[in-house]
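Bear in mind that the values in this text are calculations on the coordinates, not laboratory data. Predicted model only: the values in this text are computed from it and were never measured. Counting neighbours? That spans all protein chains shown, and the Cβs are built from the backbone with ideal geometry, glycine included.
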Amino acid sequence: MNLELVPMLQQIMLVLASMVLLISFILMDQVRLVAAIHTFAWQGALIAAITTIVAISEGHMHLYFSALLTFTLKALLIPWMLHRQVRKLELDHEKEALEHPVIASMIAVALVIFSYWLVLPIVQQELIFTRNVVAISLAVVLIGFLIMVVRKQAIAQVLGFMSMENGLFLAAVSATSGMPLIIELGVAFDVLVAMVLFGIFFFQIRESIESLDVDRLNHLSESEKE
Amino acid sequence: MNELLITVFTPMAATLILATVRQLKWAGWLNLLASTAAFVASLFLAFRVAKTGPLTAMTFRVDDFNVYLIVLTAFVGMTSAIFSRPYMQYVCETGKINKKGMQLYHSMYQAFMFTMLLALSTDNLGVLWVAVEGATLATVLLVSLYRTAEAIEAAWKYFILCGVGIALALFGTVLVYFAAQHTVADGTAGMTWSVLYTGASKLHPSIMILAFVFLLIGYGTKVGLVPMHQWLPDAHSEGPTPMSAVLSGLLLNVALYAIVRFKMLVDGSLTLSSKPHMAGYLMMGFGLLSFLVAGLFLHRQRDIKRMFSYSSIEHMGLMTFAFGLGGPLATFGALLHMLVHSLTKSAIFVTVGHAAHIAGTQSIDHIRGLIRTQPAVGWALLFGVAAIAGFPPFGIFTSEFLLLTATMESQPWFTLPLLMGLAIAFAGLFRNLHPMVYGTAPKEQQPVQANMIPITVHLLLVLWLGLSIPGFLAVWLNRATELIAGASLL
């Protein structure tokens, strides 16, 4: 695409969106749990910034509200809740190195390429900008999914889950200039409830296996109880 | 309109009330009362829709397709509540859960009913998503209710897998909204199903098919389609039995309902493109795979609830296949199958709850001689399994027969794997069933207080549907078929 033809605001958005993607990579490779939570908070803040820019360029009032909602929820409230749980569970110094960080990163790169390939059918000329952002947000979703696969620690998995939600939000905001307000509120409510439930589960898992390494949750399998 | 509001919002009010009720005795009755109220209101709603046609108001839309699912959902919710009241009291007496757990259980039971009814009656694709995700949130704590290591593991798996799945579904929904923005004049209406449906031919076909892939995988996770089915047997086997009954009987249906709604949109947008049946082929592929794989897995199960949850996957696969096949006959068969499968499967889970209570375990190897210990439960299990395996004269035979006929008409080669799958599943069910029902009972095995009303009612209904489908229901299903497949059967 010819960058000179893209309006200034959209250029800023593209830069911010690619930073969101970069943060997904950092989130995956981040060894220290607390630092990973902070990284996640930055991702939320970036998405809120993107929402604000869309709000400025489109002039929709409800998008300002949506930006505020994202910022409160994704950059402040959820990181704060996770932080509190980490302290309660005494995991402040928890480190979890990936088993094969290089392979994981290569898969993530492949996922980005795959995302671009997947949105190729959206070829209409006027959509060229949206295509980029849709591809990036899809990549963020898929990398979030990858984080949940490669990470064994329950809290790190939740971070992956939440960054998937971030990717979805990015898609909704940039490709369609935000979903109707009522839907956004509903989604935000679901995310918040999910977070509360995750918090309950951390304690339940800890109680049951005395660790948060979900790989050790392996009582149920197809050939059990023979 | 009032009927609709009562149907949908009674469970919501009950959720809030039950969250505060401390007396266990009252909670069970209140739960039943709320479910009954919702069911009665849904009947009035059905009459209204039958008389005056589709009802659209606010963000709701009730047409011939979803009204029968609303009635079915409210009905199974009610009968499961009848079973759940004494059963959960027994569970509470065994000390598996405490009073707080019971309070949570009753409140979340109604919350689940609320999300199901909301998902069915809404016209807004975003609200549909929020409701289906809400159903996960409402049931996840119930799966881990017994707090055993297995239950917590099952709940975590359920939460994570369905969370991921449903996130993909949201991405698909966003893509649909994106496609709509370029055609629908009023942007905010781009999430309204009925608006999208009338303008479906203008939606960008390649975006719609991409969206459908995400939606099929996303909602398909909830339907339990292979390979996204991993959560389903775990959640069913570890959660409380009334929960298994409503999960199998209702949640899977609602997720499939969502997929069919989206398929209608995608079909509309693809009519003029080079591959008009793309969505249908995708559904047929996933459906057939689930059907065959689940049939094979049936043989390996040692836990009775796990076994029947695989049977649910198998039947959901068959329905997905049938909806994918399209055409009036297959669609009619699939709609009927949804109905009879829900009724039969929830009856089976209720029976299994009693059987596990009698034997004191869920392990198939240790449940023996049910007919000798308690004939009612033994026979109910035998009849239930006969019905689910597709024996005549039960309703599932009728719907499976219709589906096979439809397959033979349009895709004759698929009849072969279908018949094979049915035979495999049949063998898998009966080899496990036989010793459980007949075998010699352990000496100390005692009959339990079983509530046979819901089981009897469900099985009789399934029998009735197998012998003769009542005229009004046939007309009803036919109108839904007309809506989905575009042509009427009768």
**Report entry** Number of the exception - B:Gly317 against (1) more than 18 Å from B:Gly280 (Cα to Cα); (2) in a helix (DSSP H, G or I); (3) among the small types (Gly, Ala, Ser)
**Finding:** (1)
Query raised in the report: In the stretch B:1-37, which residue that is closer than 22 Å to B:Leu477 by Cβ and surrounded by 23 or more Cβ atoms within 10 Å (Cβ to Cβ) is farthest from the chain's Cα centre (by Cα)?
Result: B:Leu4
Report summary line: Selection over the stretch A:163-190 where residues are buried (at least 24 other Cβ atoms within 10 Å of the Cβ), more than 10 Å from the chain's Cα centre (by Cα), assigned to a helix (DSSP H, G or I) and more than 7 Å from chain B (Cβ to nearest Cβ) yields a count of 2
Report summary line: Going through (1) in contact with a Gly (Cβ under 6 Å, 6 or more places away or on another chain); (2) within 30 Å of A:His219 (Cβ to Cβ); (3) away from chain A (no Cβ under 11 Å) one by one, B:Gly165 fails only at (3)
Report task. Check off (1) of a type in the set (D, E, K, R); (2) out of contact with any helix residue (DSSP H, G or I) (no Cβ under 6 Å at 6 or more places or on another chain); (3) at the interface with chain B (Cβ under 10 Å from one of its Cβ atoms) for A:Glu210 and give me the number that stays unchecked. Result -> (3)
Query raised in the report: Can you name the residue in the stretch B:131-158 that is within 18 Å of the chain's Cα centre (by Cα) and facing chain A (nearest Cβ under 7 Å) and is also farthest from B:Leu104 (Cα to Cα) among such residues?
Result: B:Glu133
**Report entry** Residue, surrounded by the fewest Cβ atoms within 10 Å (Cβ to Cβ), within the stretch B:245-295, restricted to residues that are in a helix (DSSP H, G or I), more than 22 Å from the chain's Cα centre (by Cα) and among the small types (Gly, Ala, Ser)
**Finding:** B:Gly268
Query - Residue list for the stretch B:306-334, filter: surrounded by fewer than 24 Cβ atoms within 10 Å (Cβ to Cβ) and either within 14 Å of chain A (Cβ to nearest Cβ) or of a type in the set (A, V, I, L, M, F, W, C) (or both) - result: B:Leu329
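Looking at the stretch A:143-162, is at least one residue closer than 22 Å to A:Gln10 by Cβ and buried (at least 19 other Cβ atoms within 10 Å of the Cβ)?
We begin by selecting, within the stretch A:143-162, every residue closer than 22 Å to A:Gln10 by Cβ; these are none.
So far as the stretch A:143-162 goes, no, none of its residues is closer than 22 Å to A:Gln10 by Cβ and buried (at least 19 other Cβ atoms within 10 Å of the Cβ).
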Query raised in the report: Going through the stretch B:7-64 one residue at a time, which ones are among the aromatic types (Phe, Trp, Tyr) and farther than 30 Å from B:Ala189 by Cα?
Result: B:Trp26, B:Trp29, B:Phe39
**Report entry** Test: B:Phe212 is surrounded by 24 or more Cβ atoms within 10 Å (Cβ to Cβ), more than 10 Å from chain A (Cβ to nearest Cβ), over 20 Å from the mean Cα position of the chain (by Cα) and within 23 Å of B:Glu482 (Cα to Cα)
**Finding:** yes
Query raised in the report: Restricting the stretch B:86-118 to residues that are away from chain A (no Cβ under 12 Å) and closer than 30 Å to B:Leu265 by Cα, which is surrounded by the most Cβ atoms within 10 Å (Cβ to Cβ)?
Result: B:Met113
Query raised in the report: Can you spot a residue in the stretch B:276-289 that is out of contact with any Cys (no Cβ under 6 Å at 6 or more places or on another chain) and within 14 Å of chain A (Cβ to nearest Cβ)?
Result: yes
